[in-house]
1. Identify all residues within the range 251-273 that are within 11 Å of ligand 1 (Cβ to nearest atom) and buried (at least 24 other Cβ atoms within 10 Å of the Cβ); write none if there are none.
2. Which of the residues spanning the range 335-370 are in a loop (DSSP other than H, G, I, E, B) and either within 16 Å of ligand 1 (Cβ to nearest atom) or without any contact (Cβ under 8 Å) to a residue 40 or more places away in the chain (or both)?
3. Just a yes or no: is a residue in the range 230-248 within 14 Å of ligand 1 (Cβ to nearest atom), modelled with pLDDT under 95 and in a loop (DSSP other than H, G, I, E, B)?
4. Would you check if residue 194 is over 22 Å from the mean Cα position of the chain (by Cα), within 16 Å of ligand 1 (Cβ to nearest atom), of a type in the set (S, T, N, Q) and at pLDDT 95 or above?
5. Right, residue 122: outside the structural domain of residue 158 (by TED's automatic domain parsing) and without any contact (Cβ under 8 Å) to a residue 24 or more places away in the chain or not?
6. For residue 194, all conditions in the list (1) of a type in the set (S, T, N, Q); (2) surrounded by 14 or more Cβ atoms within 10 Å (Cβ to Cβ); (3) in contact (Cβ under 8 Å) with a residue 60 or more places away in the chain hold save one; what is the number of the exception?
7. With crowded, with 18+ Cβ neighbours inside 10 Å, in contact (Cβ under 8 Å) with a residue 12 or more places away in the chain and either closer than 21 Å to residue 138 by Cα or touching a Leu at 6+ places or on another chain (Cβ under 6 Å) (or both) as the only criterion, which of 92, 98 stands out?
8. Given the structure, is residue 196 within 16 Å of ligand 2 (Cβ to nearest atom) and more than 27 Å from residue 236 (Cβ to Cβ)?
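The values are calculated or read from the model by the stated rules, or taken from the named source; none is laboratory data. On a predicted model such as this, the values are computed, not experimentally measured, just so you know. Every residue, glycine as well, gets a Cβ built from its backbone with ideal geometry; the counts of neighbours run over all protein chains shown.
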Amino acid sequence: MLNVDDAQRKLRDLTVRVLETELIPLTEATGRVVAATVRAPMDLPPFDASAMDGYALHANDLNLGRELVVVGESRAGHAHLGPLVPGSAVRILTGAPIPKGTAAVVIQEDVARDGDQILLNGSIEAGENIRRRGHDVAKTRSLVASGDRLDAYKISWLAACGVTQITVARRIRMALFSTGDELIDPGNPLGPGQIYDANRVALRELVSERSVEVLDLGVIPDDPTAIKQTLDTASEAADIIVTSGGVSVGDADYVKDAVDQSGSIAFWKIALKPGKPLAVGRVGKALFFGLPGNPVSTIITYLLFVAPTIDRLCGMPDNTPYRLAAILQGSIEHRQGRREYVRGIFETKGNHVSVSPTGDQSSNRLATFAKANCLIVVPEEAEGLKTGAVVDILLLPTDRGHIWTG
Ligand code: AMP
Ligand code: MG
């Protein structure tokens, strides 16, 4: 059986970046991947500005004990017109333009004010409390580059520099369907032997943070002809086809055969738990991912194989996963052979990270994910892990807290 790393490498070789790009409004660009370097169209700040509330001072007037006349005010959005002359000061607020002739801003706490007069309680260095034009961003510096994924931080920075549109990789078109006679969509009453289709919901939710346009083809019954037809339709429109179910070795597992007829399987079955029956191949121009039907297997194989492929198709470089060393609390049973990903909860304890599995790890139990914030990696060669073992954990890309609560 192919191991996880070799499977990842094979998949990488099959992945051909989508080169089409589009120009879109910056405010619609969350999760999109930049396709061309954006350079700052202006300096930021665009003018010398005060960093504090205080008084603008002339170079001659920076010494302790100086008495000055306040001749005007500069507020954010309302500059003081006219230059600053020796012997005078201008009241200035944070973010306000620095009057011509200003050498420094003294903070209001360091002066005594009496009517129009101020008295300096200390000496000031030239340049103090002035944010120079362009000190944050100099015009023409690179803000984001090809392969960067846009998030709130990058988008707000671009907006501050006056950028309103951005060239990004076009969204990856993902055709999605579930297979199984037993599946129906949530919202409908369950008939005998039926279950709700959790995988399509899981996959739609998971891809929603990436640059993906989903073509949802619904639930397809365990019927070889229907599956083949759906694959053919999907391959005409999609860059990737993601299915769930029907790839193991049961009597009703027709997906792999259908791919063999319409395209080709590149690899099938991986030394992975959960997720062993994963099938990867091609149908027409589309990459094909046949994810196993058990919901936990579907999610694990999505995270390990589909998500990185989507990013690569968009032109993102491969990045290192968020991996931490942690000390295991509780034991994990494991037979040698497959690499296992166990849902866990990690927390920091003093100066180390501790992690515990989230209970019964059966691949049908989504409950193991509902509480998890990481995956514990159990190496192929491990013969079970005991309390105190140092394990690698992969942080799940979820937002489970606020920075002020840890
Ligand atoms: P399969 O891979 O088709 O043999 O499915 C394995 C197990 O996962 C079976 O118990 C299926 O009923 C279940 N399953 C398959 N697809 C889904 C789905 N979309 N949502 C929830 N459970 C599923
Ligand atoms: Mg099935």
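1. 255
2. Residues of the range 335-370 that are in a loop (DSSP other than H, G, I, E, B), as a first pass: 335-338, 350-351, 358-366.
Correct list: 350, 351, 358, 359, 360, 361, 362, 363, 364, 365, 366.
3. Kept after step one, since they are within 14 Å of ligand 1 (Cβ to nearest atom), are these residues of the range 230-248: 242-248.
Subsequent filtering for residues that are modelled with pLDDT under 95 retains 248.
When the remaining residues are screened for being in a loop (DSSP other than H, G, I, E, B), the result is 248.
Looking through the range 230-248, at least one residue is within 14 Å of ligand 1 (Cβ to nearest atom), modelled with pLDDT under 95 and in a loop (DSSP other than H, G, I, E, B).
4. Numbers: over 22 Å from the mean Cα position of the chain (by Cα): yes; within 16 Å of ligand 1 (Cβ to nearest atom): yes; of a type in the set (S, T, N, Q): yes; at pLDDT 95 or above: yes.
Taking the combined requirement at face value, the residue satisfies it.
5. Details: outside the structural domain of residue 158 (by TED's automatic domain parsing): yes; without any contact (Cβ under 8 Å) to a residue 24 or more places away in the chain: no.
When the stated conditions are applied, residue 122 does not pass them.
6. Single failed check for residue 194: (3).
7. Numbers: 92 fails: either closer than 21 Å to residue 138 by Cα or touching a Leu at 6+ places or on another chain (Cβ under 6 Å) (or both).
98 is the lone residue from the list that is crowded, with 18+ Cβ neighbours inside 10 Å, in contact (Cβ under 8 Å) with a residue 12 or more places away in the chain and either closer than 21 Å to residue 138 by Cα or touching a Leu at 6+ places or on another chain (Cβ under 6 Å) (or both).
8. Working: within 16 Å of ligand 2 (Cβ to nearest atom): yes; more than 27 Å from residue 236 (Cβ to Cβ): yes.
Yes.
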